[in-house]
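For reference, the structure discussed in these notes is given below.
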Amino acid sequence: MSSFAENLQNIDRRYLYLTLLLIVVIGLLVPIPLPLAVGPQARGVYDAIEKADPRKLAIVSTLWSASTQGENRPQTRVIIEHLMRRKLKFALIAFGDPQSTILAYEVADELAPKYGYKYGRDWINFGFRADIAGTLKGMVRNIEETLKQDTKERKPLHQFPIMKGIRNFDDVGFIAEVSASANYVSWLGLVAGSTDAPFCYAPTSVMAPELYTYIDSGQIAGMLFGIKGAAEYERMLGIKGFTTRAITPVSLTLILLFVLIGLGNYGMFASRRQGGKA
Amino acid sequence: MIEYSHPVGIWIGAIGTLALFSLILKENWLYRLFEHMFIGLAAGYTIKAAWHEILKPQWWIPMTRDGQWPWAFALFGGFLFYTIFTKRYNWMSRISIGILLGFAAGQAFQATANLYIPQIRGSFKPLWVTQSMLPAGSQVTPLGQSLNNILFLVIIITVMTYFFFSFEQKNRVIQSTARTGRLMLMFAFGAIFGSTVMARMALLIDRVWFLMHRWLGIG
């Protein structure tokens, strides 16, 4: 007969998934007011937008798809909402994954009526570009010559009022990349030296740890650390969106994993002591 | 076009989500069906986007409507890549690959310098920080920042020692330094693992919220 310790290592994974699901559902339905401190990384993004020159264009670059929208959609939303609150004109551009362009557009289009933003006057969608390096190198020289037209109305960029006086990255006052990939390498490598605009990054949590060296060196002005960063930003903006609600189940699921890792390790060491299979 | 918020779109999203989650129980035909649908849709959408957003406005229209006929040579350059599949003409593909490599190498050279030189510069930190060195409004005390910087220096030296493979690490000082470096790397990997778990949980929560709120109207 197998011992309790051995059983701990052989729990049917379906029970674990069921427990996880229950915790998520309970966490979403019963929001527990857990403390959430706003970190300096999220504060960096906020300050960069607050200090951005309203005469210049802000660029929100995206590389995410439906598969990471749990983190990247709320990040995109809070950044765009803050830009709109500050009445900054901005452009969307998508690299790598064409789903990005429609998903980010959807977020901006949904928020636009709330802040009286008009397409072409206050914001524009540059659309999807497959080659980030070539596109960025071109935009450093001339944005309009490189991109040619927008992606919604498919008209030449110079026909939009928002593009008046915007020639290259000298006329850009803020850059943010919301991404599920390592696009920051291209932005920092090919654009950083050509503009004074602060560069902020909103990666998925998986990628965030590798970004700290760039924050430390000052190359990245601020970062939204996955869903947690978006929740911190919602707090700074004073809104209660999806991430404010989701941060409770995030914390609960992490606690569950701590417990399960603890139990698994206990089971392994206990069964070793008993001379059983480890 | 059915929009994401349209009831039909929500039902399709819900059925797709449940079908993909069914893998948790066991491998099944429904999961495979929706997996193939997802991959097919993504591939189809990418082709459509590549044509409408890039090729048509930047290549086809200038070539056919604006009289910029030299763009036709781009097609020839692109076709050269496919000669790699023939033994007789595969040397021709090297022309296109060579041009592309040249572009990539030039960009990589610039990108590497821009990426890493600021980091090397940023790694020179004062080990004794005074109040005047801290940015205005900083919540860190000079002592705290000094300790941070000392820790930074210790970690950078120990980790770099671990990756120093030019000679055998026989010296006991170097061995213990490298071992400390490895330990520090473990801390970093732990942080990355924790972040990965958080990311996956966030994606799960998003889907569960979609099913509960958008599909079933709960919450």
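Worth pointing out:
- Neighbourhood net charge (10 Å Cβ-Cβ; Lys/Arg +1, Asp/Glu -1) for A:ASP122: +4
- Mean per-residue shielding of peptide A:102-112 is 1, counting Cβ atoms of other chains within 10 Å of each Cβ.
- Calculated on C-alpha atoms, the gyration radius of the range B:70-122 divided by its Kirkwood radius gives an Rg/Rh of 1.27.
- Annotation: peptides A:38-44, A:119-125, B:26-32, ranked by per-residue average of other Cβ atoms within 10 Å with the highest first, follow the order A:119-125, A:38-44, B:26-32.
- Extending 7 Å from Cα along the Cβ direction at B:ILE15 and again at A:TYR266 yields two label points whose distance is 4.5 nm.
- Of the residues B:ASP66, A:ASP109, the one with the fewest other Cβ atoms within 10 Å heads the list, and the complete ranking is B:ASP66, A:ASP109.
- Alpha-carbon spread of chain A, three principal axes, descending order, Å: 78, 36, 32
- Fluctuation leader among A:LEU29, A:LEU224, A:LEU188 - chain A, Gaussian network, Cα springs under 10 angstrom: A:LEU29
- Per-selection Kirkwood Rh - the protein assembly as shown (Cα, Å, 1 d.p.): 25.8 Å
- Modelled spin labels at A:TYR115 and B:TYR89, positioned 7 Å past Cα toward Cβ, are 5.3 nm from each other.
- Rounded to the nearest 500, the 222 nm mean residue ellipticity of chain A from helices alone is -15000 deg cm²/dmol, with -39,500 (n - 2.57) taken per DSSP H run of at least 4 residues.
- For A:THR62, residues with placed amide H under 5 Å, excluding near neighbours: A:ILE93, A:ALA94, A:PHE95, A:VAL178
- 19 Å reach of a label modelled at A:THR19, 7 Å along Cα-to-Cβ, counting backbone N of the range A:242-278: A:249-271
- Point-to-point label distance, B:LEU216-B:VAL8, nm (Cα→Cβ direction, 7 Å offset): 2.6 nm
- With Cα atoms, 0 to 90° folded angle of helix A:99-115 axis to chain A main axis: 70 degrees
- The mean count of C-beta atoms from other chains within 10 Å of the C-beta of residues in B:46-58, rounded to a whole number, is 5.
- Relative contact order (%) - criterion: Cα under 8 Å, at least six apart; region: the range A:40-240: 29 percent
- Considering helices alone, the calculated mean residue ellipticity of chain B at 222 nm is -22500 deg cm²/dmol, with DSSP H runs of length four and up weighted by -39500 (n - 2.57) and normalised per residue.
- Average beta-carbon neighbours from other chains, 10 Å sphere, peptide A:220-231: 2
- Each residue in A:HIS158, B:HIS52 was given a count of other beta-carbon atoms within 10 angstrom of its own, and listing them fewest first yields A:HIS158, B:HIS52.
- Legend: residue pairs A:LYS51/A:LYS137; A:LYS56/A:LYS114; A:LYS152/A:LYS240; A:LYS152/B:LYS56; A:LYS89/A:LYS137, Cα-Cα distance threshold 20 Å; pairs beyond threshold, A:LYS51/A:LYS137; A:LYS56/A:LYS114; A:LYS152/A:LYS240; A:LYS89/A:LYS137.
Since every read-out is calculated from the coordinates, none of them should be taken as a lab result. Everything quoted here is computed from the prediction, not taken from an experiment. As a convention, Cβ positions derive from the backbone with ideal geometry for all residues, glycine included, and neighbour counts pool all protein chains shown.
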